[in-house]
Amino acid sequence: MQRITVVGGGFAGLVAAITCAEAGARVRLLEAHHTLGGRARATVGPYVAHDGPHVLYRDGPWWRWLAGRDLIGRSSGVPLSGLAGFRFRHGGRLRRTPPPALLPVLARRRRSAPVDVDFHTWISRHHGEAAASAAANLMGVATFDADPGRLSAAFVWPRLLRVFAPSPPARYLAGGWNGLIDRLATHARTRGVTIETGARVTELPPPPVIVATTLDAAARLLGTALPAGPSGRAVLLDLAVRADRRDAFVVSDLDAAGWLERYTVPDPSLAPTGESLAQAQLPLLDGEGKAGGLARLEALTDLALPGWRDRTTWRRDGVANRRSGALDLPGHTWRDRPAVDRGDGVYLAGDMVAAPGLLSEVSFNSAVTASRLAVS
């Protein structure tokens, strides 16, 4: 029976370990920290907060893989009350409808976007500057980038279509992603995977080995440079506030590519009864520090959650750096990222490597590819 080592116990490492074990390999998973999940691990209650948006998309392969193994657990879609609470900030004000210039962009869903033209330029050619700016900032939630319009049109456009589909494919897992991580770990163990936490790896294990870590950590293990393309950098603000019916469910910031969402609307279990748990994010500008970004983000929160400072029961803030996965600039696609197959039985998995998908789907797709190569 083939022996395969997986380094890293986040989503990518757990999927890789399960896939290899299902193919008949003996798998050993090594995780440096004392808990599994990596960046997907959330805080422990009574306030369950994640590092950025934490939804799955039911129209993607990651969802189908989980569903086929009965690993999703309870989930919910966007509630009708949430749709009523969807707001847009544009022109410095909070509004119930997007700017008229944006509507024709969202209506023409069947066209293909070019790889070698940035998204802002491509949209402005068809719909003008106002539409291009609004459409680009709409995608701050999926890129963590202060200027999504600079990215390849072929990268941004399909993601915009999925995130803002007429029938939203986003699903919220009850209790957050901690439960999903635990279910993945349990399933891995039932398939015979040996999981060791607190096991920091300083030398590359014998091949076949799947390295499911950050690119920086992988480069140190491989002893070679791994070119890292652009990735998002944003300030995050998590708040628990006493509930107020004036609070918005979602605010899409069309002025500055920010986003705010009250996750207790679809999942009340994330905070105590009578409280709302909200997360706001705002991409940082070039050279901008945390304090400046946080001040701008609090101004957005003032609009979304009136009087929130007097209602706050719990708070944390921080900077999410390189948390969006790889972002493709004009002239580049996911195939130009560091390859999964590094040769000599060494494979990479994670959200910065050469695999398609939206957010966590990149980790999933790269993990499945690495596993198939490793067991072959």
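No value in this document is a laboratory result; all are computed from the given coordinates. Keep in mind that what you see is a predicted model, and the values were worked out from it rather than measured. Don't worry about glycine lacking a Cβ; one is built from the backbone with ideal geometry, like all the others, and counts go over all protein chains shown.
Between the helical axis of 360-375 and the dominant principal axis of the chain, each derived from Cα atoms, what acute angle in degrees is found, rounded to the nearest 10?
10 degrees
Quick one: which of 264-273, 188-197 comes out on top by average Cβ neighbours within 10 Å, and what's the full order, highest first?
Descending packing order for the listed peptides: 264-273, 188-197.
Consider a paramagnetic label point 7 Å from the Cα of A243 along Cα→Cβ; state which residues of segment 254-292 have an amide N under 17 Å from it.
Taking a point 7 Å out along Cα→Cβ of A243, the residues of segment 254-292 whose backbone N falls under 17 Å are 261-279.
On C-alpha positions alone, give me the angle between the axis of helix 153-163 and the longest principal axis of the chain, in degrees, nearest 10.
It is inclined by approximately 80 degrees.
Give, as a single signed number, the net charge of other residues whose beta carbon lies under 11 Å from the beta carbon of H90, with Lys and Arg counted +1 and Asp and Glu -1.
+2
P(r) for segment 267-376, please, calculated from all Cα pair distances in 5 Å bins and given in %.
Histogram of Cα-Cα distances, whole percents per bin: 2, 10, 14, 13, 12, 12, 11, 10, 8, 5, 2, 0.
Please work out the FRET efficiency for the pair T224 and L80, using the Cβ-Cβ distance as r and a Förster radius of 41 Å; give the result to the nearest 0.05.
With R0 = 41 Å, the Cβ-Cβ based efficiency is 0.20.
Given labels modelled 7 Å from the Cα in the Cβ direction, how far is it in nm from A67 to S112?
Going from the A67 label point to the S112 one covers 2.8 nm.
If I take every Cα pair under 8 Å that is 6 or more residues apart in segment 242-352, average their sequence separation and divide by the length, what percent do I get for the relative contact order?
That works out to 19 percent.
How much net charge surrounds V368 when only other residues with a Cβ under 12 Å from its Cβ are counted (Lys, Arg +1; Asp, Glu -1)?
0
By the scheme Lys and Arg +1, Asp and Glu -1, what is the net charge of all other residues having a beta-carbon under 12 Å from that of D147?
Its environment carries a net charge of -1.
Suppose R0 equals 35 Å; then what is the FRET efficiency for R96 and D336 from their Cβ-Cβ distance, rounded to the nearest 0.05?
0.30
In the Gaussian network model of the chain, springs joining C-alpha atoms below 10 Å, which of T301, T313, T214 carries the largest mean-square fluctuation?
Fluctuation is largest for T313.
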